[in-house]
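A.B. asks: Before I ask anything, here is the structure I am working with.
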Amino acid sequence: MIKLRDLTLEELKQYMIELGQPPFRAKQIYDWLYKGVTEFSAMGNIPIDLREKLAETCQIDPLQVLREQKSNVDGTRKFLFGLPDGNAVESVYMEYKYGASVCVSSQAGCRMGCAFCASGIDGLVRNLTAGEMLSQVLDIQRETGKPISHVVVMGTGEPFDNYEQLVKFIRLLHAPEGYGMSMRNITVSTCGLVPCIRRFGKDLPQVNLAISLHAPTNALRSELMPINRKYGLSMLLPAVRDYAQETGRRVTFEYALIHGVNDTVEVIGQLIQLIRGMLCHVNLIPLNEVNETGFGTVGRAKAREIATRLEDAGIPCTVRRQLGADIDGACGQLRLAARKSL
Ligand code: SAH
């Protein structure tokens, strides 16, 4: 079976030619797909015999909403989606002044094992396909009835551990004949797979890049993020500098504030030393607590105080709003929720 949401328009054209159909049919079908249509019978301008052929040979595979939770505080909605093979992933819908944003998962589970994050607790199950990432956007748009203007690949999984499909997903999302989302409205976050940072700067230089930093020394970072043992700060920082220079774009460093671990005067001093003068921005995230990890968070006031210290050192800085915390939809709270656990 052909999975239609994985196809570029060109690939769908090829298939139409194989079927002896005029290539313009591909664009008609593509329009329906990106309108979110999930049944061939709804493709009004497609001849019935072609619709039947499509139904025999192709699948649209919309995600199944297994559960939806709505925040009582901020309009954030978290979806638990069932994949065709019985696995499940979470995606989050968020409303901002500038539009609606979807936080997309790139893998079912995660193998990076960061000490403070819920997503890696049960390890990696599998990579998602480009079409499955796209489906999170199309199906949330259908469920909410709101046009999605922004995408952040900050859900479960390490996007650069699924590089090929990630890049394909972004190209599908951006294609003018597809979803048509501006590259500038797309952000990818990585825990620091250095070779992929370098590749990404060349492949998709207009997409925003965020780096999960969380600690300014190798000793502390390796304790919190096992990936640092492979790609330490002496590899990560030069890659980020080169990325900023080659793309001319500011990189965001994410820094989850963990009480008594990386929020002390001393550690923040080390952070300033490490990144001062770089083309960057720091996003402080008061840790979202995850039961299993035992780490504690810091208050908003403390986060503001640290932000001021960074700004005084000339480092642009914001404190992230905490959306969806009451539904465990906030950063680091998404986890593998297999069907059997429902
Ligand atoms: N694997 C990618 C994508 C995940 S993005 C990455 O590591 O960047 C999710 C962001 O939330 C990352 O910056 C991650 O480090 C951060 N995060 C994880 N657990 C968190 C927690 N408990 N509280 C706040 N942020 C957390």
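No value in this document is a laboratory result; all are computed from the given coordinates. Since this is a predicted model, take the numbers as computed values, not measurements. No Cβ is skipped: glycine too gets one built from the backbone with ideal geometry, and neighbour counts run over all protein chains shown.
A.B. asks: Under the Kirkwood approximation applied to all pairs of distinct alpha-carbon atoms, what is the hydrodynamic radius of segment 189-239 in Å? Could the numbers behind the result be given before it?
C.D. replies: Working: mean 1/r = 0.0889 Å⁻¹.
About 11.2 Å, per the Kirkwood formula over Cα pairs.
A.B. asks: Still on this structure: Taking every pair of Cα atoms in segment 67-168, average 1/r, invert it to obtain the Kirkwood radius, and report Rg/Rh to two decimals.
C.D. replies: Values: Rg = 13.3 Å, Rh = 13.9 Å.
Dividing the radius of gyration by the Kirkwood radius yields 0.96.
A.B. asks: Could you give me the radius of gyration and the Dmax of segment 1-158, taking only the C-alpha atoms into account and expressing both in angstrom?
C.D. replies: Using the Cα atoms of segment 1-158, the pair Rg, Dmax is 17.3, 55 Å.
A.B. asks: Could I ask something else about it? With 31 Å as the limit, write out which pairs from 13/78; 202/230; 35/168; 13/146; 27/146; 27/70 have Cα-Cα distances beyond it, or answer none. Provide the component values of the computation, followed by the final result.
C.D. replies: Numbers: 13/78 35 Å; 202/230 22 Å; 35/168 19 Å; 13/146 29 Å; 27/146 23 Å; 27/70 36 Å.
With Cα atoms farther than 31 Å apart: 13/78; 27/70.
A.B. asks: Evaluate the Kirkwood expression for the hydrodynamic radius of the chain, namely the inverse of the mean inverse distance over all pairs of different C-alpha atoms, and round to one decimal in Å. Display every interim value, and only then the final one.
C.D. replies: On the way: mean 1/r = 0.0475 Å⁻¹.
About 21.0 Å, per the Kirkwood formula over Cα pairs.
A.B. asks: Oh, and also: Relative to the Cα centre, what is the charge dipole magnitude of the chain, using +1 at the beta carbon of each Lys and Arg, -1 at the beta carbon of each Asp and Glu, and rounding to the nearest 20 debye? Don't skip to the answer; put the middle values down first.
C.D. replies: Numbers: 39 positive and 37 negative charges, 111 e Å.
With only Lys, Arg, Asp and Glu charged at Cβ, the dipole is about 540 debye.
A.B. asks: Still on this model: Based on Cα positions only, what radius of gyration and what Dmax would you give for segment 128-229, in angstroms?
C.D. replies: 14.9, 48
A.B. asks: So what's the convex hull volume per residue for the Cα atoms of segment 267-342, in Å³? Show your work: numbers first, answer last.
C.D. replies: Working: hull volume 9.2 nm³, N = 76.
Value for segment 267-342: 121 Å³ per residue.
A.B. asks: Take segment 2-59, drop everything but the C-alpha atoms, weight them equally and run the Debye formula without solvent; then report log10 I(q)/I(0) at 0.25 Å⁻¹ to two decimals.
C.D. replies: Each listed q maps to, in turn, -1.11.
A.B. asks: Please return the longest stretch of the chain lacking exposed loop sites, where trypsin sites (Lys or Arg not before Pro) count only if DSSP places them in a loop and at most 13 other Cβ atoms lie within 10 Å.
C.D. replies: Details: sites that count: 97, 250, 276, 321.
The reported range is 98-249.
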